[in-house]
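Trainee: Take this structure first; my questions come after.
The values are calculated or read from the model by the stated rules, or taken from the named source; none is laboratory data. Here the structure is a predicted model, which is why all the values come from computation and not from measurement. Reconstructed Cβ throughout: ideal geometry from the backbone, glycine too, with neighbour counts over all protein chains shown. Only protein heavy atoms, including side chains, enter the accessible area calculation; ligands, DNA and RNA are left aside. Shrake-Rupley method; radii C 1.70, N 1.55, O 1.52, S 1.80 Å.
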Amino acid sequence: MVAEMTERLLADAGIGAGMRVLDVGCGRGDVSFMVAQRVGAQGQVVGIDRDVQPLAAARDRARELGLSNVTFAEGDLGALSPELGLFDVVVGRRVLMYQPDAVAALRRLSGALRPGGLVVFQELDATMVPASVAPLPLHERVHHWIWQTVEREGADIHMGFHLATVLEQAGLAVERVRAEAVVQTPKLVHRTGAIVRVMLPRIVKQGVATEAEIDIDTLEERLLGERAKANATYVGDMVFGAWARKID
Ligand SMILES: C[S@@+](CC[C@H](N)C(=O)[O-])C[C@H]1O[C@@H](n2cnc3c(N)ncnc32)[C@H](O)[C@@H]1O
């Protein structure tokens, strides 16, 4: 569901054929691959991440997908190599929220943009969630595990609401900010259990919950059971998207 939102954001921001795009904090390359399809054979995508592990996976996936217009490099978005050259667009998903100084990070990124170039970011935000009409205590507890963990790791869990301000403070002209909800219905299986499974070591390390409290192998089923029993619809994630332009 978030993937659909990302695709729409990239399209609406105007990313298209022939563009040269930098994907910062690219992880396993999900956004880089979407952009690679959009820019086509005449375009180019460079994904950078400071963590070599997801980068190795991204390279393997690019090879499997047969994409020749995307490359991946290790690096910190705050210290881009000048050898990368200038880009038409800088994109990032779930990455600004992890920067200790998002304004400074954006200022440095805009140095890699050609004049008139675009910055496009998609960030999660915990301000308005969790939300449901009927009480869903297990959903609320799981939400708390996830967000308290990232907050203890230093993330800004209100980055969606801060997006317009940080883009402007970085000297960029904001063209659009919007937010979409990830809606979980009573019957639809959602991947919250899978997300918690991936985050489990971090949740335990931050002292937010124990493995026994989480009981990962039964979690997805218990969440679905709670929604089905209450016949309740639940919003666990708000996804903010924004694009802004380099004006000088
Ligand atoms: C939550 S993941 C998102 C991955 C990817 N953008 C996506 O949405 O699928 C955040 C990624 O940003 C990377 N990251 C965070 N801060 C970074 C920085 N300052 N420079 C480079 N990579 C960074 C992390 O290593 C991680 O792979």
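Trainee: In the range 38-50, how many are under 16 Å from Leu86 (Cβ atoms) and either within 16 Å of the ligand (Cβ to nearest atom) or surrounded by fewer than 22 Cβ atoms within 10 Å (Cβ to Cβ) (or both)?
Mentor: Within the range 38-50, the first condition is being under 16 Å from Leu86 (Cβ atoms), and the residues that meet it are 39, 43-46, 48.
The next check asks that each one be either within 16 Å of the ligand (Cβ to nearest atom) or surrounded by fewer than 22 Cβ atoms within 10 Å (Cβ to Cβ) (or both); those that pass are 43-46, 48.
Qualifying residue count, the range 38-50: 5.
Trainee: Going through the range 6-37 one residue at a time, which ones are buried (at least 20 other Cβ atoms within 10 Å of the Cβ), more than 10 Å from the ligand (Cβ to nearest atom) and more than 17 Å from Glu64 (Cα to Cα)?
Mentor: Leu9, Leu10, Ala13, Ile15, Met19, Val21, Leu22
Trainee: Continuing with this model, one more query. Looking at the range 75-86, I want the residues that are modelled with pLDDT of 95 or more and have a partner that is in a loop (DSSP other than H, G, I, E, B) with Cβ atoms under 6 Å, at least 6 apart or on another chain. Which pairs are those?
Mentor: Asp76/Arg50
Trainee: When the residues of the range 82-105 are filtered to those that are within 12 Å of the ligand (Cβ to nearest atom) and more than 18 Å from Asp30 (Cβ to Cβ), which remaining residue is most open to solvent (accessible area, probe 1.4 Å)?
Mentor: In this case the residue turns out to be Pro100.
Trainee: Checking the structure you have, find out if any residue of the range 133-143 is of a type in the set (A, V, I, L, M), touching a strand residue (DSSP E or B) at 6+ places or on another chain (Cβ under 7 Å), under 30 Å from Lys229 (Cα atoms) and in a loop (DSSP other than H, G, I, E, B). It would help to see each step written out before you state the result.
Mentor: Within the range 133-143, the first condition is being of a type in the set (A, V, I, L, M), and the residues that meet it are 133-134, 136, 138, 142.
Add one more test, that the residue is touching a strand residue (DSSP E or B) at 6+ places or on another chain (Cβ under 7 Å), and what stays is 136.
Filter again for under 30 Å from Lys229 (Cα atoms), leaving 136.
Now restrict to residues that are in a loop (DSSP other than H, G, I, E, B): 136.
Yes; the residues of the range 133-143 include at least one that is of a type in the set (A, V, I, L, M), touching a strand residue (DSSP E or B) at 6+ places or on another chain (Cβ under 7 Å), under 30 Å from Lys229 (Cα atoms) and in a loop (DSSP other than H, G, I, E, B).
Trainee: Exactly one of these conditions fails for Glu151: (1) open to solvent by 80 Å² or more (accessible area, probe 1.4 Å); (2) in contact with a Lys or Arg (Cβ under 8 Å, 6 or more places away or on another chain). Give me its number.
Mentor: Against the list (1) open to solvent by 80 Å² or more (accessible area, probe 1.4 Å); (2) in contact with a Lys or Arg (Cβ under 8 Å, 6 or more places away or on another chain), Glu151 comes up short only on (2).
Trainee: Only one residue in Gly111, Gly117 is away from the ligand (no atom under 12 Å from the Cβ) and open to solvent by 30 Å² or more (accessible area, probe 1.4 Å), so which one is that? I'd like the intermediate steps shown before the answer.
Mentor: Working: Gly117 fails: open to solvent by 30 Å² or more (accessible area, probe 1.4 Å).
Every option except Gly111 fails the conditions.
Trainee: Out of all the residues in the range 53-60, is one or more open to solvent by less than 20 Å² (accessible area, probe 1.4 Å) and assigned to a helix (DSSP H, G or I)? Show your work before the answer.
Mentor: Step one: of the range 53-60, the residues open to solvent by less than 20 Å² (accessible area, probe 1.4 Å) are 55, 58.
If we keep only those that are assigned to a helix (DSSP H, G or I) as well, we get 55, 58.
For the range 53-60, residues open to solvent by less than 20 Å² (accessible area, probe 1.4 Å) and assigned to a helix (DSSP H, G or I): present.
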